[in-house]
1. Relative contact order for the chain using alpha-carbon pairs under 8 Å, separation at least 6, rounded to a whole percent?
2. Taking 2.2 N^0.38 Å as the expected size of a compact globular protein, what ratio does the Cα radius of gyration of region 114-156 give against it, to two decimals?
3. So I have (i) 10, 37, 28, 17, 7, 1; (ii) 10, 42, 36, 11, 1; (iii) 9, 28, 21, 11, 8, 7, 6, 5, 3, 0, and one of them is P(r) over Cα pairs in 10 Å bins from 0, in percent calculated from this model. Which one is it?
4. Students sometimes get this wrong: rank LEU119, LEU66, LEU57 by accessible area, probe 1.4 Å, all chains present, largest first.
5. Report ASP7's accessible area, 1.4 Å probe, all protein chains in place, as a number in Å² to the nearest 10.
6. Provide the packing ranking of 67-74, 43-50, i.e. peptides ordered by the mean count of other C-beta atoms within 10 Å per residue, highest first.
7. For region 99-161 and region 17-44, what is the separation of their C-alpha centers, rounded to whole Å?
8. Just to verify a number: FRET efficiency for ARG104 and VAL147, C-beta to C-beta distance, R0 = 30 Å, to 0.05?
Amino acid sequence: MADLLWDDVSSFFDPDVMGSLPDVRVPNTSVEDWQAVLDLVEEKGWECQYSEGETVLLVPRAEAALSCPADAECPDLRVWPAADVLAIFRFHAEDEVDFDVDLRELQGQDRLDVFCGFLREIGRRLGKPVLMDPEGDYGHAVLSFDVEADRVVLLADQRVR
């Protein structure tokens with residue numbers, strides 16, 4: 001059974017309403033949590049690409065990715081949990097795992113199921129909620145992987161179009 005039904009949540013995946021790149025985050029994390037995400041990507045065999053600026057490199061340990069000099073470009077890890085579904089993790093700070101998704105890639109029930117599965121995998125591995133905020137509206141999550149319910153749940157009322 002699907003965590004969320006497309007007909008119930010489609011407005012939360014409308015780029016004109018939410019912005020095309022909502023912020024997905026796991027608050028209150030550590031270097032160990034970041035490493036657990038890197039390990040999960042490897043274990044699942046998800047296609048990925050790590051880069052620092054324009055330079056593509058092998059995926060390092062989390063502590064190395066998080067310790068780039070202040071004047072360097074923030075490293076990122078592009079992860080494809082399925083074809084044409086991309087999540088871009090940015091190593092800004094150890095206390096929050098954060099990544100972007102493109103809502104234009106997450107249209108319809110099949111893609112929603114892939115996205116929810118991805119959030120579930122991360123949330124289960126870390127034992128923490130995975131929140132999605134509208135682009136530029138940090139701290140106002142509309143959906144989340146709920147650790148106790150072990151599923152992705154809607155946190156906000158349906159937006160009026």
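The values are calculated or read from the model by the stated rules, or taken from the named source; none is laboratory data. Just so it is clear, the model here is predicted, and its values are computed rather than measured. Here the Cβ positions follow ideal geometry from the backbone for every residue, glycine too, while neighbour counts run over all protein chains shown. Ligands, DNA and RNA are excluded from the accessible area calculation, which covers all protein heavy atoms including side chains. Shrake-Rupley method; radii C 1.70, N 1.55, O 1.52, S 1.80 Å.
1. 31 percent.
2. 1.08
3. For P(r) over Cα pairs in 10 Å bins from 0, in percent, the calculated option is (ii).
4. These residues rank, largest area first, as LEU57, LEU66, LEU119.
5. ASP7 exposes around 130 Å² with every protein chain in place.
6. 43-50, 67-74
7. Taking the Cα centre of region 17-44 as reference, the centre of region 99-161 is 12 Å away.
8. 0.55
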